[in-house]
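Taking it in order: structure first as structure tokens, then the write-up.
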Amino acid sequence: MVVYLVGAGPGDPDLVTLKAVKALKKADVVVYDRLANEEILEYANGAEMIYVGKRAGKHSKKQEEINKILIEQAKKQEVVVRLKGGDPFVFGRGGEELLALLKEGIHVELVPGVTSAIGVPTTVGLPVTHRGVATSFTVVTGHEDPTKKEKQVKWNYNADTIVILMGVGHLKENTQEIMKYKDPKTPVCVIENGTRPDERIVLGTLENISGKKINPPALVIVGPVVDVFKDIQENMPEDQV
């Protein structure tokens, strides 16, 4: 028995890795979440599909239940694929699932995916680093576990670029915190539904971005690289914008 812990990428099915496709083609069962583009499931033709998607406030299954499902399926099936949006280890709770499986003596194969933190900005032409502008970037969650006694995210990052995942629901709160350490005029770019046909880009600053209409799922990029992106957009051929 083997469980493949697979990253499905940021949304565009063409961004799935060859290794992920190979794993899906061998699967007896696929346990997948909401962020995995369902076109990707076609590679696992004939496999049993188990949906365990989660979204803020609406969890199909608790994490403990998902761990239990993976363990149960691994003990019944030869090949189980756990398909997760982005990369399993970037805010995907992949580490928790890996530990749960290993403690049961289950063999796990890890298949990285293109994380939205880098893949989404790249597809629109926004470099998270740029010579002379940004030599560092940090990736942070915009939605911490509400059961925590104390928040771990302090927002006093020295990185030139801040990439916020899952931050739309708390965008006002998060930008207010960042403004304690960065200029309110710092440019911000929000990318809705990154890499998908309904992708949408919203530009603003730390002080006004939360007042714009933004829908999840969306990625938030904060820093001077957003001005580089604006310059790139101005020079981009119309059929590529």
Can you give the accessible area of TYR51 in Å² (nearest 10), computed on protein heavy atoms with a 1.4 Å probe?
-> 90
With the full set of protein chains in place, find how many percent of the accessible area of the stretch 1-49 is carbon and sulfur; take the probe as 1.4 Å.
-> 45
Sites MET49 and HIS107 - FRET efficiency at Förster radius 30 Å, r taken between beta-carbons, to 0.05 | 0.85
Env charge @ TYR157, Cβ radius under 11 Å, K,R +1 / D,E -1, value 0
In the neighbourhood of VAL81 defined by beta carbon distances under 11 Å, the net charge of the other residues (Lys, Arg +1; Asp, Glu -1) is +2
Calculate the dipole size of the stretch 122-241 relative to its Cα centre from +1 charges on Lys and Arg beta carbons and -1 charges on Asp and Glu beta carbons; express the result in debye to the nearest 20.
-> 460
DSSP loop trypsin sites (Lys or Arg not before Pro) in the stretch 9-118 with at most 16 other Cβ atoms within 10 Å of their Cβ, which ones?
-> ARG34, LYS62, ARG93
For Cα extents along the principal axes in Å, with candidates (1) 56, 47, 31; (2) 81, 40, 26; (3) 58, 32, 29, the value calculated from the shown model is option (1)
Accessible surface, 1.4 Å probe, highest first, among residues GLU144, GLU207, GLU234 | GLU234, GLU207, GLU144
Rounded to the nearest 20 Debye, what is the dipole magnitude of the chain about its Cα centre when Lys and Arg each give +1 and Asp and Glu each give -1 at the C-beta?
-> 740
Compute the distance in nm between two label points, each set 7 Å from the Cα along the Cα-to-Cβ direction, one at ARG131 and one at LYS185.
-> 2.8
Dividing the helical contributions, -39500 (n - 2.57) per DSSP H run of n ≥ 4, by the residues of the chain yields a 222 nm value, nearest 500 deg cm²/dmol, of -7500 deg cm²/dmol
DSSP bridge orientation in the chain - percent antiparallel, rounded to nearest 5 | 45
Could you point to the residue in LEU70, LEU110, ASN45 farthest towards the positive end of the stretch 1-111's charge dipole, with +1 and -1 charges on the Cβ of Lys/Arg and Asp/Glu respectively?
-> LEU70
The stretch 62-104 accessible area per residue, 1.4 Å probe, protein heavy atoms, integer Å², reads 51
Kindly rank 107-116, 190-199, 176-185, 125-134 from highest to lowest mean number of other beta carbons found within 10 Å of each residue.
-> 107-116, 190-199, 125-134, 176-185
At 0.36 nm per residue, minus the direct Cα-Cα distance, what do ARG196 and LYS22 gain on full extension? Give it in nm, one decimal, please.
-> 60.3 nm
Any chance you could run the full-extension gain for GLU65 through MET1? It's 0.36 nm times the residue separation minus the Cα-Cα distance, nm to one decimal.
-> 21.0 nm
Given the candidates LEU206, CYS189, VAL226, the one whose Cα lies deepest towards the positive end of the charge dipole of the stretch 162-241, counting +1 at each Lys or Arg C-beta and -1 at each Asp or Glu C-beta, is LEU206
For VAL30, the net charge from surrounding residues (Cβ-Cβ under 10 Å; K, R +1; D, E -1) works out to -1
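The values are calculated or read from the model by the stated rules, or taken from the named source; none is laboratory data. Quick caveat: nothing in here was measured; it's all calculated off a predicted structure. Note that we place each Cβ from the backbone using ideal geometry, even for glycine, and neighbour counts take in every protein chain shown. Side chains are part of the model used for accessible areas, which takes the heavy atoms of the whole protein and leaves out ligands, DNA and RNA. Shrake-Rupley method; radii C 1.70, N 1.55, O 1.52, S 1.80 Å.
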